[in-house]
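Working notes, beginning with the structure itself.
Just so you know, all these numbers are worked out from the coordinates, no wet-lab data involved. Owing to the predicted nature of the structure, the values given are computational and were not obtained by experimental measurement. Every residue, glycine as well, gets a Cβ built from its backbone with ideal geometry; the counts of neighbours run over all protein chains shown.
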Amino acid sequence: MSMGDPNAPVKMVEYASLTCSHCARFNEEVFPEFKKTYIDTGRVHYTLREFLTPPNEVAAAGFLMARCAGKDKYFQVVDAVFRSQREWAETGDIRGSLVRIAQSVGMSEDEFNKCISDETALSELNKRVEAAIKTQKITATPTFVINGKVVKAGEMSLAELSAAVAEASKK
């Protein structure tokens, strides 16, 4: 899923998992300012590529739910799932947290259940992850790719991203 101007001079891809604490920290601490500075101004076209890390079924459920919520709510759901990680750790109620997120975007619990048990959608998600591993050699989350080149596997600060975008803009 993508956001920003598809004709932007810089294309950034983030491989992320909804169960990755480093991805969640990036989402909360770096991404809002990055989005405001680069995506919202048309300088960067951003794509989130879904990746699964343990517990894989939780990451998969979150991504399936985000897709079921629709393109206009996809990133809202992803953000909410990332922000709910602390709650899961404290309460252990991952399912309850995901159901509340689904309900916050207008899905019923039945719709949530149907969504996360959609075998076709799960198969497609797994194919995307396998392709990332095989063709892009992705082994960690987050991994950042700018204009087709892996810039870093691991957390990136806004300063590091800004430098990478500036470098990519020169080419």
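Provide the percentage of antiparallel DSSP beta bridges, counting only those with both residues in segment 2-170; round to the nearest 5.
If we restrict to bridges inside segment 2-170, about 60 percent are antiparallel.
So what is the relative contact order for segment 2-170, in percent, with contacts set as C-alpha pairs under 8 Å and at least six apart?
31
Based on Cβ point charges of +1 for Lys and Arg and -1 for Asp and Glu, what charge dipole magnitude is obtained for segment 109-168 about its Cα centre, in debye rounded to the nearest 20? Before the final figure, lay out the partial values.
Values: 7 positive and 10 negative charges, 105 e Å.
Result for segment 109-168 is approximately 500 debye, rounded to the nearest 20.
Once the other residues with Cβ under 12 Å from the Cβ of residue 60 are scored (Lys, Arg +1; Asp, Glu -1), what is the net sum?
Numbers: positive: 67, 128; negative: 50, 57, 118, 119, 124.
Here the count lands on -3.
Considering only 131, 24, 66, give the residue with the highest GNM mean-square fluctuation for the chain, with springs between Cα atoms whenever their separation is below 10 Å.
Evaluated over the chain, the most mobile residue of the options is 131.
Beta carbons within 10 angstrom, averaged per residue: use that to sort the peptides 151-161, 10-20, highest first.
Numbers: 151-161: 16.0, 10-20: 23.5.
Final packing ranking: 10-20, 151-161.
Once all Cα-Cα distances of segment 49-130 are split into 5 Å bins that start at 0, what whole-number percent is in each one?
3, 16, 30, 27, 18, 6, 1
What residue among 141, 120, 53 shows peak mean-square fluctuation when the chain is described by a Gaussian network model with Cα springs under 10 Å?
120
So what are the ³J(HN,Hα) numbers for segment 11-21, from phi and the Karplus equation (6.51, -1.76, 1.60; θ = phi - 60°), rounded to whole Hz, Gly and Pro as x?
10, 10, 10, 10, 8, 9, 10, 6, 9, 8, 5
Can you tell me how much longer the chain between residue 126 and residue 110 gets when fully stretched, taken as 0.36 nm per residue apart minus their C-alpha distance, in nm with one decimal?
This chain segment gains 3.4 nm when fully extended.
Could you give the size of the charge dipole of the chain about its Cα centre, using +1 on the Cβ of each K and R and -1 on the Cβ of each D and E, expressed in debye and rounded to the nearest 20?
740
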